[in-house]
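The values are calculated or read from the model by the stated rules, or taken from the named source; none is laboratory data. Just so it is clear, the model here is predicted, and its values are computed rather than measured. Cβ atoms come from the backbone with ideal geometry, glycine included; neighbour counts cover every protein chain shown.
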Amino acid sequence: MTTFVMYMQKHILNLCRFFCVIPFTLLKQLFSSGTRALSETGPPQAKFFPANEGSMLLPGTYKGKVAFITGGGTGLGKGMTTTLSALGAECVIASRKLDVLKKTAEEITAQTGNKVHAVQCDVRDPKSIEAAVDQLVEVAGLPDVVINNAAGNFISPSEKLSANAWRTITDIVLNGTAFVTLELGKRLILAEKGAAFLAITTIYAETGSGFVVPSAAAKSGVETLCTSLAAEWGRYGLRFNVIQPGPIRTKGAFSRLDPTGMFEKAMIGRIPVGRLGTPGEIANLAAYLCSDYASWVSGAIIRMDGGEYVSMAGEFNDLRRVCAGTNLANPVPLSGPEL
């Protein structure tokens, strides 16, 4: 991890020095000051794109509906559960850590006034999923909404991955999503009950990414699973959609992967809207996609990343770093074959 962070820091500093964004000495000062210094600065355009985490749907949108959320105790799962509960849903959250789940369930119940249930579940184990779904049906009934949010990831050079390391991620992300979806899907089909399924993946599921290869492969598989079942199980009243979040600011989001704050600074720098996303913004999109307002949306993979993906894709996009210091009223003309 230390070697990777040092490499990334050196690489990014050299790139920034090459493009003359700001003085190299100032960059070194920023990158050596940790997340506190980095959070105090940011691209000026961020002021045009404030995060609005208020619910965009009407109160009571989910009244009488049941939602089952894996990985619901923390982060994005907690954010989506809070929003759905506030909109009237009876939520059942699941993960391996029952103590964390119970604390979250009590917190959201007190906040929204709607009961949130906690069910222990290891998504890697079909028997554990079966038992969890039995509990779900017992306390709330078959769900109207299923959100596959359980995930795992770590950074590693691929040549250092063991078979066990590969299985650790793919068992949670791909197999876990498949096992939950199949267990609930079969029961819903048998009961002739419709439902909306949502999976949370990542923007690199589409292209792949070095150093997180098990996650990239597993998330890509999740997306194919969802689009395949959208085509096959629509006849049973089941919808399937996917959200690809970009970098999201959550409690402790980068504390282990990015202790200096250097990588977070680099991420914000390549996001056109100039900031990270928030759990509430993802939760709003999730609430829409799983609601009756989106009954004609199925098989969709929606990227929500502040423009990061397209910013990284364009060959000349990094010229914006140079243009930031030029007079746009008197641009320097291109020369050579580009003309």
Test for Ala231: is it modelled with pLDDT under 90 and among the hydrophobic types (A, V, I, L, M, F, W, C): no
Sole exception among (1) in contact with a Gly (Cβ under 7 Å, 6 or more places away or on another chain); (2) of a type outside the set (A, V, I, L, M, F, W, C); (3) buried (at least 23 other Cβ atoms within 10 Å of the Cβ) for Gly176, by number: (1)
Among residues of segment 65-88, those that are in a loop (DSSP other than H, G, I, E, B) and either in contact with a Cys (Cβ under 8 Å, 6 or more places away or on another chain) or closer than 19 Å to Arg187 by Cβ (or both), counted: 2
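Yes/no per residue for (1) modelled with pLDDT of 65 or more; (2) more than 19 Å from the chain's Cα centre (by Cα):
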| site | (1), (2) |
| --- | --- |
| Gly299 | yes, no |
| Ile302 | yes, no |
| Val310 | yes, no |
| Leu319 | yes, yes |
| Asn327 | no, yes |
| Asn330 | no, yes |
| Glu338 | no, yes |
Filtered residues of segment 197-228 (kept if modelled with pLDDT under 95 and under 24 Å from Tyr288 (Cβ atoms)): Glu206
Test result for Lys102, in contact with a helix residue (DSSP H, G or I) (Cβ under 6 Å, 6 or more places away or on another chain), in a helix (DSSP H, G or I) and closer than 27 Å to Leu174 by Cα: no
Looking only at segment 77-124, and only at residues there that are in contact (Cβ under 8 Å) with a residue 60 or more places away in the chain and in contact with a strand residue (DSSP E or B) (Cβ under 7 Å, 6 or more places away or on another chain), the one that is surrounded by the fewest Cβ atoms within 10 Å (Cβ to Cβ): Gly77
